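**Q** Sending over a structure as structure tokens; questions will come in a sec.
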There are 2 protein chains.
Amino acid sequence: MRNMNSTDTSSRGEQTRHALIDAALKVFGQAGFDAASTRSISKAANVNQALIGYHFGGKRGLYLAVFGHILSQITEHMAPVIVTVSDRVEGFSEDVEMRRQEALEVLIVAFNGLIEMFGRADSAAWVRLIVREQQDPTDAFEILYEGMMGRMMNMMTMLVSLASDLPEDSEACRVRTHMLVGQVLLFHIARGTTSRHLSWSGLSPDNINTLKEQFRLSVEAQFAPGAAFQ
Amino acid sequence: MRNMNSTDTSSRGEQTRHALIDAALKVFGQAGFDAASTRSISKAANVNQALIGYHFGGKRGLYLAVFGHILSQITEHMAPVIVTVSDRVEGFSEDVEMRRQEALEVLIVAFNGLIEMFGRADSAAWVRLIVREQQDPTDAFEILYEGMMGRMMNMMTMLVSLASDLPEDSEACRVRTHMLVGQVLLFHIARGTTSRHLSWSGLSPDNINTLKEQFRLSVEAQFAPGAAFQ
DNA sequence: GTCTATAGTCGGATAGAC
DNA sequence: GTCTATCCGACTATAGAC
């Protein structure tokens, strides 16, 4: 029954690694790096505490491995969105007004991808970890930013530029892109205020749809041909 | 030289309390509740470690006292804004279109107050603490929400309602208000991404002005009479 | 109200048997 | 690769002198 092939991803060691990363994601997300103890993580993973040292070199190594895992999950989810965007950008019209309209549509598609990703049930733990890292970024944040987030921000900036009159490399364009991201992400970041002000507990599929709908309305107004989007 | 009056706010004990709260604000903000040690706080405050127990009952008590301090600072800063808003709302025109325009102006004033408050140099430490509490709120967050943030969110919601066709108690109105807050706050919350994507280190007065300017443009577009703000 | 000293706890790491 | 046992440092809280 046991598979001796060392490349088998279900070998005993691999199972242990997976169990630890999975448990660490939850425990680190819940408690933060310092408050999370290796004892509680190993207990949640049903694995011996000493194995954290063996497999990851220590608590910090496990933490970084968790971010590697988050990166692969985000990449997996956003890859199709990025492909769609790339494809459609290539086919954009030569006509300025038409291109703006096309870019706006693609922009909404891209942000919907973002909203859906963070609407996934298992993303709540990621968000906590990412938000904590944002406060003062360490190597763990580098993994995410270099691996995916930077690319995504640049893609969004390009779409904002194409959907407006702002040059892609202008500060205004980047600021406005950041603001759009803020419109979406605050619901995930500021759980405390969200749940009280909106009486939303967590983010149900209904809540996600409301978010997408209201975001679309907001963006369409901001990028309307007549809008003072200079 | 020494003042024996027990109501004197500069008595030795008061000085100690202040020094501890001040140091705790910085250290808790930097490291988070668990990673911050009472030793490092008392050292930063130039005060004996045992005095945390004496004055605040323990580490947790000091943490709550810090939030009380943040609340008083926020209240102090936002009080004049709230007064201005209240005054101007009372004088709003009967005419629907005019009132929308007036409400939009006041809305921008209110948000500028928010932007300025979080632009203050000393607010960086608050933001860290507030963001951490948002993840899973405790008594400390209650202090802020009950004391100020809930009131502010309701005020913003009222202004959004008056500046649009959305009923004040509708979900859409609250969601859109939340999105506006997100547009502003992400710059403070997501330092890691902000600094990389915008090449902003911290938030200089120039950055704050850019923020206010771009926010105004965004809001004017969203609330333009022709906009699909249903 | 302040200080020193310490009790009591817990956490991360690791040696060494299997 | 896994497990037990343990070391050792760091932490909070507090007793008790001043």
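The values are calculated or read from the model by the stated rules, or taken from the named source; none is laboratory data. In this text, all values refer to a predicted model and were calculated from it rather than measured experimentally. Heads up, the Cβs are rebuilt from the backbone with ideal geometry, glycines too, and the neighbour counts pull from every protein chain shown.
**Q** Looking at (1) closer than 23 Å to B:ARG132 by Cβ; (2) more than 10 Å from every other protein chain (Cβ to nearest Cβ), which is the only condition A:VAL184 fails?
**A** Status for A:VAL184: all satisfied but (2).
For (1) buried (at least 19 other Cβ atoms within 10 Å of the Cβ); (2) among the acidic types (Asp, Glu), each residue gets a yes or a no:
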| site | (1), (2) |
| --- | --- |
| A:SER123 | yes, no |
| A:ASP136 | no, yes |
| A:ASP139 | no, yes |
| A:ASN154 | no, no |
| A:SER170 | no, no |
| A:HIS178 | yes, no |
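**Q** Here's a follow-up. Just to be sure, is B:THR194 over 21 Å from A:ASP136 (Cβ atoms) and either modelled with pLDDT of 95 or more or part of a helix (DSSP H, G or I) (or both)?
**A** no
Yes or no, residue by residue, for (1) basic (Lys, Arg); (2) more than 20 Å from B:ILE208 (Cα to Cα); (3) at pLDDT below 95:
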position: B:LEU114; (1), (2), (3): no, no, no
position: B:ASP122; (1), (2), (3): no, no, yes
position: B:ALA125; (1), (2), (3): no, no, yes
position: B:ALA140; (1), (2), (3): no, yes, no
position: B:TYR145; (1), (2), (3): no, yes, no
position: B:MET149; (1), (2), (3): no, yes, no
position: B:VAL160; (1), (2), (3): no, yes, no
position: B:ALA163; (1), (2), (3): no, yes, no
position: B:SER170; (1), (2), (3): no, yes, no
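**Q** Report yes if some residue within the range B:76-94 is under 20 Å from B:GLY32 (Cβ atoms), surrounded by 13 or more Cβ atoms within 10 Å (Cβ to Cβ) and among the aromatic types (Phe, Trp, Tyr); otherwise report no.
**A** No: the range B:76-94 contains no residue that is under 20 Å from B:GLY32 (Cβ atoms), surrounded by 13 or more Cβ atoms within 10 Å (Cβ to Cβ) and among the aromatic types (Phe, Trp, Tyr).
**Q** OK, next. Against the condition in a helix (DSSP H, G or I) and either more than 7 Å from chain B (Cβ to nearest Cβ) or at pLDDT below 95 (or both), how does A:MET179 come out, does it pass?
**A** Spelling it out, it is not the case that A:MET179 is in a helix (DSSP H, G or I) and either more than 7 Å from chain B (Cβ to nearest Cβ) or at pLDDT below 95 (or both).
**Q** In addition: Given the range A:37-100, what helices (runs of 4 or more DSSP H) lie entirely inside it while holding 1 or more residues that are more than 16 Å from DNA strand D (Cβ to nearest atom), under 17 Å from the mean Cα position of the chain (by Cα) and within 14 Å of chain B (Cβ to nearest Cβ)?
**A** Correct list: A:59-90.
**Q** Out of everything in the range A:24-36 that is within 13 Å of DNA strand C (Cβ to nearest atom) and in a helix (DSSP H, G or I), what residue ends up being nearest to A:THR138 (Cα to Cα)?
**A** Residue satisfying both the conditions and the ranking: A:PHE28.
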